[in-house]
Amino acid sequence: APALHIADLTKRYPTGTEALRGVSLDIAAGEFFGLLGRNGAGKSTLIHCTTGLVRPTSGAIRVFGHDAVDDYEQARTAVGLAPQELNFDWFLTLEETLDYHGGYFGMPRKERRARSAELLEAFSLSEKRRERAMTLSGGMKRRLILARALMHRPRLLILDEPTAGVDVELRLELWRYVRRINAEGTTILLTTHYLEEAEELCDRIAFIDGGRIVAEGTSASLTAEYGVET
Ligand code: ADP
Ligand code: ADP
């Protein structure tokens, strides 16, 4: 099964807003996929449908074959989400942050310990493991968001605007980490409104506008078709 299969997905909120109007999308296992669109295009709604937070109005959405509505637990466990907002419990230490997240996904204590040590090492956060999240620098907080999202070994990682409002130096640093995550086998869905970021990182890109996919392809093919320069 593909990492993410979306077919003719629509979402109409109770307010009447049609946030998604027939979105179809397939992301293969191992792919690094970019979803580009301006504010209000429907990116968050699509992500929330994938994690089960929003119930689609119609259409299909499956994560590695697990239906995001009918097989919600399995689908959600296959997904790791690095949200745009740094929604930590700021009083927890880094270790506690990861441990709590692992517990939420039902990981046994011993496995949580090993996984958390491994991730803190991989994201160069080991020295801070007993510090509270609130004491971290901006870059460290972004790294902790990635580590937390990976804690329960999701096969699909969703990065929601991972570098929004981040300076160039830190953006390059984060790119190195997310590239490595993908190279190690995790499928990635990245949302961004930086075309340059999607072109730099993604195998394939889709543009979403007004709840519809308006273009899709490799970054090279889209650049040729739309004449977008970077
Ligand atoms: P993006 O993440 O691309 O900015 P969203 O998915 O947040 O786009 O929003 C798509 C559209 O749906 C927007 O018009 C937005 O105002 C609307 N919308 C988002 N969430 C809700 C909600 N909970 N209730 C009503 N309308 C919403
Ligand atoms: P909250 O009260 O903040 O919603 P939860 O216990 O629901 O706390 O979730 C714990 C943390 O795990 C939250 O920070 C939430 O953002 C995150 N989370 C929930 N579902 C997922 C998921 N599928 N992938 C990654 N993180 C998730």
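Does a label point 7 Å from the Cα of Glu85, set along Cα-to-beta-carbon, have any residues of segment 135-171 with amide nitrogen under 15 Å, and which are they?
Within reach of a label on Glu85, which here means backbone N under 15 Å from a point 7 Å along Cα→Cβ, segment 135-171 contributes 160-161.
Considering every pair of different Cα atoms, what Kirkwood radius, in Å, is found for segment 35-91?
Result for segment 35-91 stands at 12.5 Å.
Return P(r) of the chain (all Cα-Cα pairs; 10 Å bins starting at 0; whole %; ordered from short to long distances).
Whole-percent P(r) values from 0 Å outward: 8, 32, 36, 19, 4, 0.
Which of His66, Tyr104, Ala133 sits closest to the plus end of the dipole of segment 34-133, meaning its Cα is farthest towards the positive end, when Lys and Arg get +1 and Asp and Glu get -1 on the C-beta?
Result: Ala133, furthest along the dipole toward the positive end.
How far is helix 168-183 tilted off the main Cα axis of the chain, in degrees rounded to 10, range 0 to 90?
The angle comes out at about 90 degrees.
Mind checking the angle between helix 138-150 and the chain's longest principal axis? C-alpha axes, 0 to 90 degrees, to the nearest 10.
80
Which whole-number value in Å² is the accessible area per residue of the chain, probe 1.4 Å?
Ligands and nucleic acids excluded, the figure is 49 Å² per residue.
Select from Gly34, Ala122, Phe91 the residue farthest towards the positive end of the dipole of the chain; place +1 on Cβ of Lys and Arg, -1 on Cβ of Asp and Glu, and compute about the Cα centre.
Phe91
Which of the lysines could a cross-linker bridge to Lys43, judged by Cα under 29 Å and excluding same-chain residues fewer than eight apart?
Lys11, Lys141
Counting pairwise Cα distances across segment 113-164, what percent come out greater than 19 angstrom? Numbers along the way, then the final one.
Numbers: 328 of 1326 pairs.
Of the Cα pairs, 25 percent sit more than 19 Å apart.
First compute the accessible area of the chain with a 1.4 Å probe, then give the percent of it belonging to carbon and sulfur atoms.
Exposed carbon and sulfur together represent 47 percent of the surface.
Can you tell me the convex hull volume per residue for segment 135-213, based on C-alpha atoms, in Å³ to the nearest whole number?
Convex hull volume per residue, Cα atoms: 111 Å³.
Magnitude of the Cβ-charge dipole of segment 95-230, K/R +1 and D/E -1, about the Cα centre, nearest 20 debye?
Here the size comes out at about 1000 debye.
Would you mind calculating the gained length between Glu131 and Ala183 on full extension (0.36 nm times residue separation, minus the Cα-Cα distance), in nm to one decimal? Can you show the working numbers first?
Details: separation 52, 0.36 × 52 = 18.72 nm, distance 2.97 nm.
Length gained between Glu131 and Ala183: 15.7 nm.
Provide the percentage of antiparallel DSSP beta bridges, counting only those with both residues in the chain; round to the nearest 5.
Just about 55 percent of them are antiparallel.
Rg and Dmax of segment 1-122 over Cα atoms: what are they, in angstrom?
Radius of gyration, then largest Cα-Cα span, for segment 1-122: 16.4, 47 Å.
At 1.4 Å probe size, what's the solvent-accessible area of Thr187? Round to the nearest 10 Å².
Counting only protein heavy atoms, Thr187 exposes about 0 Å² to solvent.
Kindly sort Tyr100, Tyr72 by accessible area of their heavy atoms, largest first, with the probe set to 1.4 Å.
Listed by decreasing accessible area, they come as Tyr100, Tyr72.
Ordering Trp90, Trp175 by how much accessible area each has at a 1.4 Å probe, largest first, what is the list?
Largest to smallest exposure gives the sequence Trp90, Trp175.
Quick one: how many Å² of Asp71 are accessible to a 1.4 Å probe, rounded to 10?
50
The values are calculated or read from the model by the stated rules, or taken from the named source; none is laboratory data. These numbers were taken from a predicted model, which means no experiment stands behind them. All Cβ positions, even for glycine, are placed from backbone atoms using ideal geometry, and neighbour counts span all protein chains on display. Accessible surface areas use protein heavy atoms only, side chains included; no ligands, DNA or RNA. Shrake-Rupley method; radii C 1.70, N 1.55, O 1.52, S 1.80 Å.
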